[in-house]
Amino acid sequence: MSTTQTANKTLEATLAPPTRCKEQRLQQTLSEYRDALEDAFEQNCTTMSATNDVVTPYNLPYQAKDALKSYVPKLHNTYNANELDDEHPLRFVNRAGKFDRDSSREYEICWNVPQPGRGTNFWIPLRLNPEQEELWDELLDGESSTKVGELRLQKHRTTWT
(Lines give C-alpha, C1' and ligand atoms only; values in the text may rest on other atoms or scores of the structure.)
Protein backbone atom coordinates (compact mmCIF):
# COMPACT_ATOMS: atom_id res chain seq x y z
CA MET A 1 0.00 0.00 0.00
CA SER A 2 1.41 3.36 -0.93
CA THR A 3 0.52 6.71 0.53
CA THR A 4 0.71 10.06 -1.06
CA GLN A 5 1.62 13.05 1.00
CA THR A 6 0.83 16.54 0.01
CA ALA A 7 2.92 19.36 1.34
CA ASN A 8 1.06 22.49 2.25
CA LYS A 9 2.77 25.51 0.81
CA THR A 10 2.07 28.91 2.23
CA LEU A 11 2.56 31.56 -0.39
CA GLU A 12 3.07 35.03 0.93
CA ALA A 13 2.75 38.41 -0.69
CA THR A 14 2.53 41.95 0.59
CA LEU A 15 -0.07 44.28 -0.82
CA ALA A 16 1.36 47.25 -2.66
CA PRO A 17 0.62 50.38 -0.62
CA PRO A 18 -3.13 50.89 -1.02
CA THR A 19 -4.78 54.19 -1.76
CA ARG A 20 -6.48 55.87 1.20
CA CYS A 21 -9.90 54.60 0.08
CA LYS A 22 -8.68 51.01 -0.34
CA GLU A 23 -6.88 51.19 3.00
CA GLN A 24 -10.12 52.25 4.69
CA ARG A 25 -12.06 49.46 3.01
CA LEU A 26 -9.45 46.86 4.03
CA GLN A 27 -9.45 48.13 7.62
CA GLN A 28 -13.25 48.20 7.75
CA THR A 29 -13.51 44.61 6.47
CA LEU A 30 -10.87 43.40 8.95
CA SER A 31 -12.65 45.14 11.83
CA GLU A 32 -16.06 43.75 10.83
CA TYR A 33 -14.55 40.27 10.48
CA ARG A 34 -13.03 40.41 13.96
CA ASP A 35 -16.35 41.61 15.41
CA ALA A 36 -18.17 38.68 13.75
CA LEU A 37 -15.48 36.25 14.91
CA GLU A 38 -15.71 37.49 18.49
CA ASP A 39 -19.51 37.40 18.45
CA ALA A 40 -19.65 33.81 17.11
CA PHE A 41 -16.92 32.69 19.50
CA GLU A 42 -18.60 34.32 22.51
CA GLN A 43 -21.92 32.68 21.57
CA ASN A 44 -20.07 29.33 21.68
CA CYS A 45 -20.92 28.39 18.09
CA THR A 46 -19.82 24.77 17.69
CA THR A 47 -21.50 24.09 14.33
CA MET A 48 -21.41 25.72 10.94
CA SER A 49 -25.15 26.34 11.14
CA ALA A 50 -24.92 28.12 14.50
CA THR A 51 -22.01 30.21 13.24
CA ASN A 52 -23.97 31.07 10.09
CA ASP A 53 -26.86 32.36 12.20
CA VAL A 54 -24.51 34.71 14.05
CA VAL A 55 -22.36 35.99 11.15
CA THR A 56 -25.09 36.43 8.50
CA PRO A 57 -26.05 39.98 9.60
CA TYR A 58 -22.44 41.22 9.44
CA ASN A 59 -21.39 43.33 6.48
CA LEU A 60 -18.80 40.88 5.16
CA PRO A 61 -18.15 39.24 1.80
CA TYR A 62 -19.51 35.69 1.58
CA GLN A 63 -15.93 34.33 1.29
CA ALA A 64 -15.18 35.66 4.80
CA LYS A 65 -18.49 34.45 6.26
CA ASP A 66 -17.87 30.98 4.84
CA ALA A 67 -14.39 30.95 6.38
CA LEU A 68 -15.87 31.87 9.76
CA LYS A 69 -18.46 29.07 9.50
CA SER A 70 -15.61 26.58 9.26
CA TYR A 71 -13.14 28.28 11.60
CA VAL A 72 -15.24 29.11 14.68
CA PRO A 73 -16.40 25.51 15.30
CA LYS A 74 -12.77 24.36 14.98
CA LEU A 75 -11.73 26.85 17.65
CA HIS A 76 -14.18 25.22 20.05
CA ASN A 77 -14.22 21.58 18.95
CA THR A 78 -10.64 20.99 17.80
CA TYR A 79 -8.50 23.54 19.59
CA ASN A 80 -10.59 23.88 22.78
CA ALA A 81 -9.87 27.61 22.69
CA ASN A 82 -10.90 29.63 25.73
CA GLU A 83 -10.15 33.06 24.30
CA LEU A 84 -9.32 34.80 21.05
CA ASP A 85 -6.10 36.49 20.06
CA ASP A 86 -6.59 40.20 19.30
CA GLU A 87 -4.69 39.96 16.03
CA HIS A 88 -6.63 37.31 14.11
CA PRO A 89 -6.11 37.62 10.37
CA LEU A 90 -9.08 38.10 8.09
CA ARG A 91 -9.76 34.69 6.57
CA PHE A 92 -11.34 33.99 3.19
CA VAL A 93 -12.28 30.64 1.66
CA ASN A 94 -10.47 29.64 -1.52
CA ARG A 95 -13.12 31.23 -3.76
CA ALA A 96 -11.46 34.54 -2.86
CA GLY A 97 -8.31 33.48 -4.71
CA LYS A 98 -8.85 35.50 -7.88
CA PHE A 99 -5.68 36.91 -9.39
CA ASP A 100 -4.80 38.79 -12.55
CA ARG A 101 -1.40 38.76 -14.20
CA ASP A 102 -0.01 41.30 -16.64
CA SER A 103 3.74 41.50 -17.15
CA SER A 104 3.52 45.09 -18.43
CA ARG A 105 2.57 46.39 -14.96
CA GLU A 106 5.02 47.45 -12.25
CA TYR A 107 3.42 44.81 -10.01
CA GLU A 108 2.67 41.93 -12.34
CA ILE A 109 0.07 40.19 -10.17
CA CYS A 110 -3.06 41.75 -8.69
CA TRP A 111 -5.60 40.26 -6.29
CA ASN A 112 -9.33 40.87 -6.51
CA VAL A 113 -10.12 41.75 -2.88
CA PRO A 114 -13.58 40.52 -1.87
CA GLN A 115 -15.91 43.12 -0.45
CA PRO A 116 -19.51 42.86 0.71
CA GLY A 117 -22.16 43.63 -1.86
CA ARG A 118 -22.34 43.19 -5.59
CA GLY A 119 -19.72 44.91 -7.76
CA THR A 120 -17.76 46.29 -4.81
CA ASN A 121 -14.57 44.19 -5.05
CA PHE A 122 -11.37 45.99 -5.97
CA TRP A 123 -8.01 45.02 -7.44
CA ILE A 124 -4.78 45.57 -5.55
CA PRO A 125 -1.23 44.81 -6.71
CA LEU A 126 0.86 42.21 -4.88
CA ARG A 127 4.54 42.39 -4.02
CA LEU A 128 5.68 38.77 -4.10
CA ASN A 129 8.25 37.16 -1.88
CA PRO A 130 11.12 36.75 -4.43
CA GLU A 131 11.90 33.28 -3.06
CA GLN A 132 8.36 32.16 -3.98
CA GLU A 133 8.03 33.55 -7.50
CA GLU A 134 8.30 30.08 -9.03
CA LEU A 135 5.50 28.77 -6.81
CA TRP A 136 3.30 31.74 -7.76
CA ASP A 137 4.07 31.08 -11.43
CA GLU A 138 3.03 27.42 -11.06
CA LEU A 139 -0.16 28.37 -9.29
CA LEU A 140 -1.21 31.09 -11.72
CA ASP A 141 -0.18 29.19 -14.86
CA GLY A 142 -2.02 26.06 -13.76
CA GLU A 143 1.20 24.02 -14.07
CA SER A 144 0.89 22.68 -10.56
CA SER A 145 -1.58 20.47 -8.77
CA THR A 146 -1.51 23.17 -6.09
CA LYS A 147 -4.86 24.83 -5.51
CA VAL A 148 -5.62 27.97 -3.60
CA GLY A 149 -6.64 27.08 -0.06
CA GLU A 150 -7.58 29.58 2.58
CA LEU A 151 -6.47 33.17 2.12
CA ARG A 152 -5.49 35.27 5.11
CA LEU A 153 -5.12 39.01 5.20
CA GLN A 154 -3.22 40.56 8.09
CA LYS A 155 -2.33 44.15 8.92
CA HIS A 156 1.25 44.69 10.14
CA ARG A 157 1.71 48.30 11.23
CA THR A 158 1.72 50.04 7.83
CA THR A 159 1.61 47.01 5.49
CA TRP A 160 -0.86 44.30 4.63
CA THR A 161 0.26 40.71 4.05
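Tell me the mean residue ellipticity at 222 nm calculated for the chain from its helices only (DSSP H runs of n ≥ 4, each -39500 (n - 2.57), averaged over every residue, nearest 500).
On the way: 4 runs with 56 residues, N = 161.
-11000 deg cm²/dmol, from helical runs alone.
At what distance in nm do the modelled label points of Y79 and R34 sit from each other, each positioned 7 Å from its Cα along Cα→Cβ?
Going from the Y79 label point to the R34 one covers 1.5 nm.
Measure off, as a whole percent, the carbon and sulfur share of the 1.4 Å-probe accessible area of the chain, all protein chains present. List each step's numbers first, then the result.
On the way: 4380 of 10220 Å².
That fraction is 43 percent.
Could you sort the peptides 116-129, 50-63, 77-90 by per-residue average Cβ neighbour count (10 Å cutoff), highest mean leading? Working shown, then result.
Values: 116-129: 13.7, 50-63: 17.7, 77-90: 11.4.
Put in order of decreasing packing, that is 50-63, 116-129, 77-90.
Could you state the angle between the C-alpha long axis of helix 20-42 and the longest principal axis of the C-alpha atoms of the chain, as a value from 0 to 90 degrees rounded to the nearest 10?
It is inclined by approximately 30 degrees.
Which length gain, in nm to one decimal place, applies between E134 and K147 when the Cα-Cα distance is subtracted from 0.36 nm times their residue separation?
Between E134 and K147, full extension yields an extra 3.2 nm.
I'd like the FRET efficiency for W123 and N52, computed as 1/(1 + (r/R0)^6) with the beta carbon distance as r and R0 of 30 Å, rounded to 0.05. Intermediate values should be presented prior to the final figure.
On the way: r = 29 Å, r/R0 = 0.96.
The formula returns an efficiency of 0.55 here.
Ranking request for peptides 105-111, 153-159: highest mean number of other beta-carbon atoms within 10 Å first, then the rest in descending order. Kindly include the intermediate steps, with their values, before the conclusion.
Values: 105-111: 15.3, 153-159: 11.9.
Sorting 105-111, 153-159 by mean packing, highest first, produces 105-111, 153-159.
Taking a ≥ b ≥ c as the square roots of the eigenvalues of the Cα gyration tensor of region 80-161, is the shape rounded (a/c under 1.5), prolate (a/b larger than b/c) or oblate? Let's see the in-between values first.
On the way: a/c = 1.65, a/b = 1.48, b/c = 1.12.
In terms of gyration-tensor shape, prolate.
Suppose all protein chains stay in the model; what accessible area per residue would a 1.4 Å probe give for region 78-161, in Å²?
Value for region 78-161: 66 Å² per residue.
Could you tell me the relative contact order of the chain? Use alpha-carbon pairs under 8 Å, at least six residues apart, and round to a whole percent. Numbers along the way, then the final one.
Details: 201 pairs, mean separation 43.1, N = 161.
Contact order relative to length: 27 percent.
Once you have a ≥ b ≥ c as the square roots of the Cα gyration tensor eigenvalues for region 21-112, tell me rounded if a/c is under 1.5, and otherwise prolate or oblate according to whether a/b is larger than b/c. Don't jump to the answer; show the numbers that get you there.
Values: a/c = 2.39, a/b = 2.12, b/c = 1.12.
In terms of gyration-tensor shape, prolate.
Take the Cα gyration tensor of the chain, multiply each eigenvalue by 5, square-root it, and list the three semi-axes largest first, rounded to whole angstrom. Walk me through the intermediate numbers first.
Working: eigenvalues 152, 95, 38 Å².
They are 28, 22, 14 Å, listed largest first.
Enter the Cα centre distance for the pair region 117-134 and region 58-91, rounded to the nearest angstrom.
So the two Cα centres are separated by 22 Å.
The values are calculated or read from the model by the stated rules, or taken from the named source; none is laboratory data. If you're wondering where the values come from, they're calculated on a predicted model, not measured in any experiment. When we count neighbours, we look across all protein chains shown, and the Cβ atoms used for this are built from the backbone with ideal geometry, even at glycine. In case anyone asks, the SASA skips ligands and DNA or RNA and just uses the protein heavy atoms, side chains included. Shrake-Rupley method; radii C 1.70, N 1.55, O 1.52, S 1.80 Å.
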